[in-house]
Amino acid sequence: MLKERPNFIFILTDDQGAWAVESTKNQDIKTPNLKEISKRGITFDEFYCTSPVCSPARASIVTGQIPSCHGIHDWLQRGNMDAYKYPELEVIPDIDFNDRAIDYLENNKTYMEYLAESGYQCALSGKWHLGDNPTPKKEFAYYYTIGRGGCHYYQADTFEDGKPQLSKEYITDSITNQALKYIDVLSEEGAPFYLDVHYTAPHSPWEPVEHPKEFIDMYKDCSFTDTPDLPVHPWQINTCPVGDTPEKRRENLTGYYAAISAMDAGVGKILKKLQAKGLDKNTIIIFTADNGMNMGHHGIWGKGNGTYPPNMYDSSVKVPFIIVTPDCQSPGVVCSAMASQYDIFPTILELAGCRKKQEDHQPGRSLLPQIKNPQKEATERIVVYDEYGKTRMIKKNKFKYIHRYGDGPCEFYDLSKDIDETHNLYQCPEYREQIESMRREMETWFEQHSVPVMDARKYAVTGKGQDKRCHEENAFDQSTEFYYNDKGI
């Protein structure tokens, strides 16, 4: 690989499915800068999140562990910050001043810590949402984040090195501009650097007032024919902005696409900055998302917790993953080897020259062989796994099995014949042996990589938020008023 230790720019978006990038399959959306980096690097078209919701997936990325090991099983509703310490934020109408900070990963070591210990200067610009967000994490020399995890696109509650301020601009621009500033600072310090750029886009809200007019106008004449228009799914929950009328569907899709194009413009500024400073010759760029998203796919509006029980459709669990290395031998090539977010941890450390022994509960493997030879068949990479509460998934070759431990029916799909996952074959006798084999394989794998006290199946994870550490009393919102249409399962 590179003779010098490379720099890293790790760009992470929020709720962007693999389908939501400009391609032959989706010509409605405009992402010219993502298109450019895909021409320069390797695109993985079978890349999966570890859990189809924000905080668990983000924790898995930085720790290399699955949720049933690190213990974050739902998006973090509480524990985000000691809100009472910041009375200047009272202008935010929905801030909860009763919230108290919990560092959910205080006993876990992130790959950024290993990078920092080996001489890297690390910085974060954007969303953290893993607890006690305002407090700068020890692995970061520079730290700019969102206080509550989520926010509106204007007047966001931001913190730089622990000090609060309301963003005076579109939050996507704030995150980009802070990243540009950090690139200037880090490049002058001489050490190799690692920079996280964690956008809140394209997470809701999607109303026109939330996004710049130039990006809303980009889609004013869009027909949105490359996005499904289906009846609302019977499991749809009532807390998502459902596109249940033509007008609401158009508003949702316009806002969602506008948020992605605005983020893409930010990526373009970062690329130009790297080139202007001569850093593009020694900087690895990684672009991915925390989880997928349904914008009418299967009749669902939302991610894994857009339904109850949670869903594991590919639109929820498959995310974009593009990696650009300066010495890329196969630019523009698509790699079809299955990979997951738990593979990011060992991949970055190997690329940085920080080789370390894999811990017992870390299932990931470096993607370096696939990056070097993306078209070679990777027979060992034919299985991926996913979990959300009492719902678990195994995908092997073209078969996909979803097992639910008591909170809903199981599902089985033959994706070679049913790429859109419309025909549940779980009850079909001819697949019984295949299903049982995959169930055993899945349970063995999860047993190997879980910690008993963190096992998600023990807890009432409903998709409505986590308030405490998983093993504590009343850790999850257990209200049962879920369904958009009051039908349920």
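Neighbours of Tyr313 by Cβ distance under 13 Å: Lys/Arg scored +1, Asp/Glu scored -1, total -2. From helices alone, the chain scores -7500 deg cm²/dmol at 222 nm; the rule is -39500 (n - 2.57) for each run of n ≥ 4 DSSP H residues, then divide by the residue total. Residue by residue, the stretch 113-120 carries 3J(HN,Hα) couplings of 5, 5, 4, 4, 5, 8, x, 6 Hz when phi is fed to the Karplus relation 6.51 cos²θ - 1.76 cosθ + 1.60 (θ = phi - 60°); x denotes Gly or Pro.
Cα centroid separation, the stretch 1-67 to the stretch 357-378: 16 Å. Packing-based ranking of 452-465, 416-429 yields 452-465, 416-429, ordered from highest to lowest mean Cβ neighbour count within 10 Å. Summarising the amide proton neighbourhood of Cys335: residues at separation of 5 or more, or on other chains, whose placed amide H is nearer than 5 Å comprise Thr43, Phe44, Asp45.
I'd like the antiparallel share, as a percent to the nearest 5, of DSSP beta bridges with both residues in the chain.
So the antiparallel bridges in the chain amount to around 55 percent.
Share of pairwise Cα-Cα distances greater than 33 Å in the chain is 33 percent (whole percent).
Both radii are taken from the alpha-carbon atoms of the stretch 242-397; with Rh as the Kirkwood radius, Rg/Rh is 1.01. From the alpha carbon centroid of the stretch 439-466 to that of the stretch 71-98 is 27 Å.
Once you treat every alpha carbon in the stretch 202-283 as an equal point and sum by Debye, what is log10 I(q)/I(0) at q = 0.12, 0.14, 0.21, 0.24 Å⁻¹? Taking Cα atoms of the stretch 202-283 as identical point scatterers yields -0.48, -0.59, -0.96, -1.13.
A short reminder: the numbers here are calculations on the coordinates, not readings from a lab. Only a predicted model underlies this, so the values are computations on that prediction, with no experimental measurement involved. Positions of Cβ are generated from backbone atoms using ideal geometry, with glycine treated the same way; all protein chains shown enter the neighbour counts.
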